[in-house]
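Novice: Could you have a look at this structure, given as structure tokens, before my questions?
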Amino acid sequence: QVQLVESGGGLVQAGGSLRLSCAASGRTLSNYAMGWFRQAPGKEREFVTSISWNGGSTNYAASVKGRFTISRDNAKNTVYLQMNSLKPEDTANYYCAAGSRYLLSSGTAGDYWGKGTLVTVSS
């Protein structure tokens, strides 16, 4: 019904920047909160950030606040994650999510998930 496809992952040095994109196909996601989660090998999936359907509200995990910025373009059915000042501990598979909630959080998973894009930050 709805497919989410992440892109933009890759290898970057510590202190560098990377921009991830999540493109949705099928139904419009204009009424859905969007967000990003990440998971490192052998670790639990963790919440990163979320944005409301109209872009008016955002929330961030403490570990990325001030470094990451989420945005969305509903006309393009696309959400972005701008990552600056990257650290080795940011290395993970990043997953895009969408849910029929005002905002996603660590306790509010999405209804739709992408397959992920790998981000590797070297020292």
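The values are calculated or read from the model by the stated rules, or taken from the named source; none is laboratory data. The shown structure was predicted, so the numbers you read here are calculated from the model rather than taken from an experiment. Note that each Cβ is placed from the backbone with ideal geometry, even for glycine, and that neighbours are counted across all protein chains shown. Please note that ligands, DNA and RNA were not included when accessible areas were found on the heavy atoms of the full protein model with its side chains. Shrake-Rupley method; radii C 1.70, N 1.55, O 1.52, S 1.80 Å.
Novice: For T58, what accessible area in Å² do you get when you roll a 1.4 Å probe over the heavy atoms of the protein chains, rounding to the nearest 10?
Specialist: Spelled out: T58, probe radius 1.4 Å, area about 70 Å².
Novice: Quote the charge dipole size of the chain about the Cα centre in Debye, to the nearest 20; the model charges only the Cβ of Lys and Arg (+1) and of Asp and Glu (-1).
Specialist: 100
Novice: Moving on to the next point. Within 14 Å, Cβ to Cβ, of G9, how many net charges do the neighbouring residues add up to if Lys/Arg are +1 and Asp/Glu are -1?
Specialist: +1
Novice: What's the tally of Lys pairs in the chain whose alpha-carbon atoms lie under 22 angstrom apart, where the two lysines are 8 or more places apart or on different chains?
Specialist: Here the count comes out as 5.
Novice: Cα convex hull of segment 64-119: mean projected area in nm², to one decimal?
Specialist: Result: 4.6 nm².
Novice: At a temperature of 25 °C and a viscosity of 0.890 mPa s, determine how fast the chain diffuses translationally according to Stokes-Einstein, using the Kirkwood radius over alpha-carbon pairs as Rh; express D in µm²/s, rounded to the nearest whole number.
Specialist: Using the Kirkwood radius from Cα pairs, D works out to 174 µm²/s.
Novice: Provide the per-residue ³J(HN,Hα) series for segment 101-114, in order, calculated from phi with Karplus coefficients 6.51, -1.76, 1.60 and θ = phi - 60°, each as a whole number of Hz, with x at glycine and proline positions.
Specialist: Per residue, the Karplus-derived 3J(HN,Hα) values read 9, 5, 9, 8, 7, 4, x, 10, 6, x, 8, 10, 9, x Hz.
Novice: Net charge around W53, counting only other residues with Cβ within less than 12 Å of its Cβ (Lys, Arg = +1; Asp, Glu = -1)?
Specialist: It works out to a net charge of +2.
Novice: Once phi is turned into ³J(HN,Hα) by the Karplus curve 6.51 cos²θ - 1.76 cosθ + 1.60 with θ = phi - 60°, what whole-Hz value does each residue of segment 58-65 show in order, with x for glycine and proline?
Specialist: Working through the residues one at a time gives 9, 9, 9, 5, 4, 5, 10, 4 Hz.
Novice: Which one of T69, Q13, T91 has its Cα pushed farthest toward the positive end of the charge dipole of the chain, where Lys and Arg give +1 and Asp and Glu give -1 at the Cβ?
Specialist: With unit charges placed on the Cβ atoms, the residue in question is T69.
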